[in-house]
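Quick notes on the structure that follows.
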Amino acid sequence: MSKRGAFLDSVCRKNTEDFLNFIQLHKDRSEPFELQEVLQELEVASRKGLWARLCKLLQDTVAACPPESWNAGPQEKAVEGMEVDGSSALKRTMMVIQGVTLVATTSVEVIQDGDTYTTLLQCAHLLNNLLSSIPESEGALQQSIYSFFECWWKKGLHGKEELGLTTFLFCLKKSVPDVKRLWSFHELLLNVDFESEQGRQITNLLLLCCLQSNHIKRDEGKRFLVFLFSWNVKFIRMIHSTLKNQLQFIPKAATQHVAEIYFRAWKNASGTFLEEIESTCIQDFMQHAVLLLRTSPVLPKVRQILRYFHKQKFRSGIDEMLYRLYKPILWRALKATNGEVRANATVLLAEAFPLQDPSMSSETMDQVVQKQLDAVFSMLDDPQPLVRSSAILATCTILSKCWELIPSTILTDFMKKLVLQLATDTSSADVRCSVYMCMSVILDNNMSHAVMENLLPVLRTSLHDSSEKVRVAFINFLLKIKAVRAAKFWKVCSMEHLLARLERDTPPVCKRIVDLLFNSFFPVNQSEEVWCERCVTLIQMNSKAARKFYQYVHLYTAPTNVAKLMLAIRKCLNVCIQRAREEDPNDTSSTNKENTSVLDDVLSVRDTASMARLMEVIVILWRSIEKSLQHNDEAQKYVVAKFASVLPEYLRVFQDDRSCNVPLLCMASLLPPASVPTISCGVLSRLKKLEVGAPVSQYSLTLDCLCSWGQAASILELITDWLTEALPKTSGKADKNSSTRRVRVQDMVEAKPDLVLDYLEYILTHPRTRDWVLSLPMGKLKQLLKALSSWKLVLYSCVSTSVKDVSAPNTETALRAFSLHGRLCIHLHHRFPEDRGFLPDLEHSAAWVTERILPLMVAFDDSNGGISEQQLKLTQSVVENCLAVFRDVVNVGLADAEFKGQALDLCSRVLLSDKGYVCIPPLLSVLTMVATDCMSQDSSGQNESLSVHTGVITNIFHKTLEVLAGRLRKEREEGEQVCHSALDALGGFLSVAQEWVSVWPEGHSGVFSSLFAALIVETSHAVCKISHVEEVITPETAKDLPPLSSVILMAVLKSRAVTRSLLSVAAESLDSEEIDSLAGLAAVTHVLTVVRQSGKFKADLKYVATSAQRQLQCQRARAIENSEEIQRLIYESSVRTINEILMP
């Protein structure tokens, strides 16, 4: 028997094993058995018989192993007695179904016209019914069945709709649908009823496809999505709603593809579909482009979609459609009362310009276009700056697109409006900025250059505009002019003005001016000699502008060119020095002609100003490429060698000129110390010889040089020694210990502690020098800390009662040393945070202040040997310095929980001291920083300490208000001064406390309850003290309230959220009837009146006023019965105020 016959006989239940063997032979490429060849060779009757046997095999196999058992669990299989053979039987069943599917798929490929394939269709239906029961683990089998159905669909056989729909749904349900496969089934949708249950199921899946980036970006996907617009009219609205709702999340690049889909759908549509797309989709986008807020993330996407349609105006039908759809929207929006709507409509009109219907007559068309131009022109005079700015953009867009088509008179009117009026709009910097930003668009049209060249010089004064963004826009405009060669930029704005602005302007402006002038003063395409000549020219034109120019020049050229310019200037300086030597009248030798240049007649060593400026340029250029040189050892060594060889000669020639010494010293700081031994050896002695009070400019460069040469240790040693030597000697023993501390060669220079403190302050202030010093051995740094800490003894001796003269120089020195000790500890702790770092040193300083200084903060009394006023001020300065250090530690995030606890303890002790109230402003700053830090702590392990700290902060704040109120009662004038000095600090603390509302509501409530109580107590006390009818008045501003209440309200009104919190506490207090006296209610009305003057919080004020009105009604009978006229007037005034709030 042939293999063909054997194969036909194997297609039955009893020969299943042979059937599977044939299937395996087909899959094995090394075997000659091929199903397609076998089926093609079969006669028609044999094929029908094969399909009948195939269907019977499938039915018998399914009957032997029913689908109900395919997904049965282990327990069910055990009950059925299949725990042993269940798995193998299921596997065998799946293999048979796989083989049947393979034969059926191959059969479809060989079906010819006229063939009867009823049994094969029955087989396909059976497989379709089995699909839902096939286990998920048999993914390959499922895919084979779907491929079989797809072949059936493509072949166009009878029953394809049902089988194709199954495959179509399978493709839709995939996480990443196959775009090509979906498109092959697109005609299937035409046979699906949109209103049916099956249609609704497909609808949801199709809407998900609309959001797939794979569909949106690929051509097959776009074709499929465009087809969906023609499935059902109702489905168009669903597609549009889905895309519109997700538009803000679609990337800009994908939005362009979405726009193309809409356009192709419109182009292919007709009849009701076209009408629906135009009204539901395109016109809806137009409406949103007008009405959306400018801050909306959807607006740019909507404009991008519409812009795609605008760019297709060359296609037939687009012009007419845009004109028709925009007509009912744009003209109404241009006259809207909302400024943003007018601005959006103006921009939209410009992008769609010209809106016209090609079927119109020429005369009508001209009138329509003129109407649009008039509308844009009128928008240039709009009262709102936003609309004027949008109109400027619209004008420039239209002129750029249609310059050659617009009559010259209209062009002139538009340009004069822009240049002569809007460019000098004093009411809005945004409008002036828009003029220059948008006029750059006009320059893209070459036809505009001739007209622009004549008008542009009028704009020269904008270079000196008071707004930085206008100056930036103007320079960008000049850069555009230069790029398109519309005019010579120096004819628009002279070089002198540009250099003057470069000299004094901000970095954003200066960088752009440098870009503008770069080719003029640094022509990279010419020789280095020309670079140097231009450099000298720039210096002579404006030396300060030259510094700025070369400060930013590295941004626009390679580091190699910068280094070449440095070396060219070096050569120029060498030539000048050489020529000075040869100018000896007794020297008859010929001059060196090799190094002559054009600069010979311009520069001379005697022109020390120019020499100094050239050396400054070298330093500026070197610093600009310093990092680049560090990555190129060879180049760095070359540059260092070149300048190290000439620096001694420069120093010799220019030693008597101070203007040259500064840049030379800067240049020396960029060289290693070995390269300049003559300078580096004597620099430290210069520091020692300076006098106390010397300006920073006299020692800053010296300190920079020493640090860069690795001699920071010498500076630190000098500071430590002089601070130690200048300490007052308390005993001979101390002198002996001090003198035998170490053996060294003594310089015959008196110690100057104030001078070295200046040095230390400069070092700690500048990051570069600070990093050098902090990298020194810890031993040296601790010696400096010890020397600074020793001056606390001097401070204590100055504030002790036995010494009254605090005007001695040591007092100020000791205070500065104490402050710098704290700053140095902060920097050291940031550098070495291990094991709490240097926080214990700061805590020891706080303990010293608590034990030694705070007891001395008492009222001064010179008569009985008490503390003097000067000593009291000194103690205040010490405490404020300590609080400032603690505030800074917490502010920069270096404080741990223990340190924050110490900070709060210090605040508490300061507050409890006799004169601690004078330190309330810095104390509130510390509370603010600790409260802010507590807000940032979100780890669960710190919840307990966070709770404790916020509770302590609330208590300290409550005590602060009590201390202020008490001081006002004892000494009103001094209390008022303290209250007003604490205004800013109080406002900052309340802003932070307001943020507790979500994370620590108890603390928030405690702070604002204390605040409100202080307001009501003081104000009600003032009301109770009224003794004359004339004194019964309603305050108009916070200044009319008592001192503490005035300061509290001024601080509260700085923030809307804080004000609302205070009003909320007021409402709660009134509702709980905590305020039951007429004086208290009058105080509430005073507070509400002051808040009302801000013109805000109307709803909150009415709520509080309603509660106050209820309480006042309870006081009505008592006020009427009261015989005192003052009480009655207070009641009537309060009622009148409440009524004004409730019924304005």
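Looking at (1) open to solvent by less than 10 Å² (accessible area, probe 1.4 Å); (2) in contact with a Lys or Arg (Cβ under 7 Å, 6 or more places away or on another chain); (3) among the aliphatic types (A, V, I, L, M), which is the only condition V978 fails?
(1)
Could you tell me which of the residues L141, L206, L182 is open to solvent by less than 70 Å² (accessible area, probe 1.4 Å), touching a Cys at 6+ places or on another chain (Cβ under 8 Å) and modelled with pLDDT of 70 or more?
Step by step, each of L141, L206, L182 is checked, and only L182 is open to solvent by less than 70 Å² (accessible area, probe 1.4 Å), touching a Cys at 6+ places or on another chain (Cβ under 8 Å) and modelled with pLDDT of 70 or more.
Within segment 620-638, can you find the residues that are of a type in the set (K, R) and under 23 Å from R547 (Cβ atoms)?
Scanning segment 620-638 gives R623, K627.
How about segment 470-513: which of its residues are of a type in the set (D, E, K, R) and open to solvent by less than 40 Å² (accessible area, probe 1.4 Å)?
Passing the criteria: R471, R501, D505.
If L293 meets every condition in (1) touching an Asp or Glu at 6+ places or on another chain (Cβ under 8 Å); (2) assigned to a helix (DSSP H, G or I) apart from one, which number is that one?
Looking at each condition in turn, L293 falls short on (2).
Here is a list: S1020, S991, S1005, S1045. Which entry is of a type in the set (S, T, Y), within 29 Å of the chain's Cα centre (by Cα) and outside any loop (DSSP other than H, G, I, E, B)?
S991
Out of curiosity, is V1007 free of Cβ contacts under 8 Å to residues at least 60 places away in the same chain and closer than 17 Å to V926 by Cα?
Here the answer is yes, as V1007 does meet what is asked.
Working only within segment 692-701, note down all residues that are under 39 Å from the mean Cα position of the chain (by Cα) and of a type in the set (S, T, N, Q).
Once the filter is applied, which keeps residues that are under 39 Å from the mean Cα position of the chain (by Cα) and of a type in the set (S, T, N, Q), segment 692-701 yields S697, S700.
Exactly one of these conditions fails for E220: (1) open to solvent by 50 Å² or more (accessible area, probe 1.4 Å); (2) assigned to a helix (DSSP H, G or I); (3) among the acidic types (D, E). Give me its number.
(1)
Just to verify a result, which residue in segment 548-563, among those that are closer than 20 Å to D633 by Cα and in a helix (DSSP H, G or I), is least open to solvent (accessible area, probe 1.4 Å)?
Residue satisfying both the conditions and the ranking: V562.
Which ones in segment 415-441 are open to solvent by 10 Å² or more (accessible area, probe 1.4 Å) and of a type outside the set (S, T, Y)?
Selection gives K416, K417, L420, Q421, D425, A429, D430, R432, C433, M437, C438, V441.
Scanning segment 247-286 for residues that are of a type in the set (S, T, N, Q) and touching a helix residue (DSSP H, G or I) at 6+ places or on another chain (Cβ under 9 Å), which turns out surrounded by the most Cβ atoms within 10 Å (Cβ to Cβ)?
Quick first cut of segment 247-286, residues of a type in the set (S, T, N, Q) only: 248, 255-256, 268, 270, 272, 279-280, 283.
With touching a helix residue (DSSP H, G or I) at 6+ places or on another chain (Cβ under 9 Å) added as a condition, the list becomes 248, 255-256, 268, 272, 279-280, 283.
On the way: Q248: 13, T255: 20, Q256: 17, N268: 14, T272: 10, S279: 13, T280: 17, Q283: 17.
Per the criteria, the residue is T255.
Of everything in segment 22-49, what is touching a helix residue (DSSP H, G or I) at 6+ places or on another chain (Cβ under 8 Å), part of a helix (DSSP H, G or I) and modelled with pLDDT under 75? Give them in sequence order.
Kept after step one, since they are touching a helix residue (DSSP H, G or I) at 6+ places or on another chain (Cβ under 8 Å), are these residues of segment 22-49: 22-23, 26, 31, 33-36, 38-42, 46-49.
Subsequent filtering for residues that are part of a helix (DSSP H, G or I) retains 22-23, 26, 35-36, 38-41, 46-49.
Hits for segment 22-49 are F22, I23, H26, L35, Q36, V38, L39, Q40, E41, R47.
Is it fair to say I1048 is within 22 Å of I1075 (Cα to Cα), surrounded by 20 or more Cβ atoms within 10 Å (Cβ to Cβ), in contact with a Gly (Cβ under 6 Å, 6 or more places away or on another chain) and touching a residue at least 60 places away in the same chain (Cβ under 8 Å)?
Judged against the criteria, I1048 is not a match.
Please give the helices (runs of 4 or more DSSP H) falling wholly within segment 609-720 in which 3 or more residues are within 27 Å of L824 (Cα to Cα). Lay out the reasoning, then the answer.
Numbers: elements: 626-630, 633-653, 658-669, 677-680, 683-689, 700-708.
Answer list for segment 609-720: 683-689, 700-708.
Collect the residues in segment 1064-1089 that are open to solvent by less than 10 Å² (accessible area, probe 1.4 Å) and of a type outside the set (S, T, Y), keeping them in residue-number order.
A1066, A1067, L1070, G1080, L1081, A1082, A1083, V1084, V1087, L1088
State all residues of segment 299-316 that are open to solvent by 30 Å² or more (accessible area, probe 1.4 Å), over 11 Å from A352 (Cβ atoms), in contact with a helix residue (DSSP H, G or I) (Cβ under 8 Å, 6 or more places away or on another chain) and part of a loop (DSSP other than H, G, I, E, B); if no residue qualifies, say none.
R315
Among the residues of segment 445-466, is any buried (at least 16 other Cβ atoms within 10 Å of the Cβ), charged (D, E, K, R) and within 23 Å of D382 (Cβ to Cβ)?
Yes, the conditions are met somewhere in segment 445-466.
Restricting to segment 871-910, and then to whatever is open to solvent by 10 Å² or more (accessible area, probe 1.4 Å), among the aliphatic types (A, V, I, L, M) and free of Cβ contacts under 8 Å to residues at least 60 places away in the same chain, can you tell me which residue is nearest to V849 (Cα to Cα)?
L872
Give the number of residues within segment 219-256 that are over 13 Å from E276 (Cβ atoms) and either in contact with a strand residue (DSSP E or B) (Cβ under 8 Å, 6 or more places away or on another chain) or aromatic (F, W, Y) (or both).
Residues in segment 219-256 being over 13 Å from E276 (Cβ atoms) and either in contact with a strand residue (DSSP E or B) (Cβ under 8 Å, 6 or more places away or on another chain) or aromatic (F, W, Y) (or both): 3 in total.
Filter segment 785-800 for residues that are among the small types (G, A, S) and within 11 Å of I853 (Cα to Cα); which is surrounded by the most Cβ atoms within 10 Å (Cβ to Cβ)?
Selected residue: S797.
The values are calculated or read from the model by the stated rules, or taken from the named source; none is laboratory data. What you are looking at is a predicted structure, and each value in this text was computed from that prediction instead of being measured. Cβ: placed from backbone, ideal geometry, glycine included. Neighbour counts: every protein chain shown. Areas reflect the complete protein model, heavy atoms only, side chains present, ligands, DNA and RNA absent. Shrake-Rupley method; radii C 1.70, N 1.55, O 1.52, S 1.80 Å.
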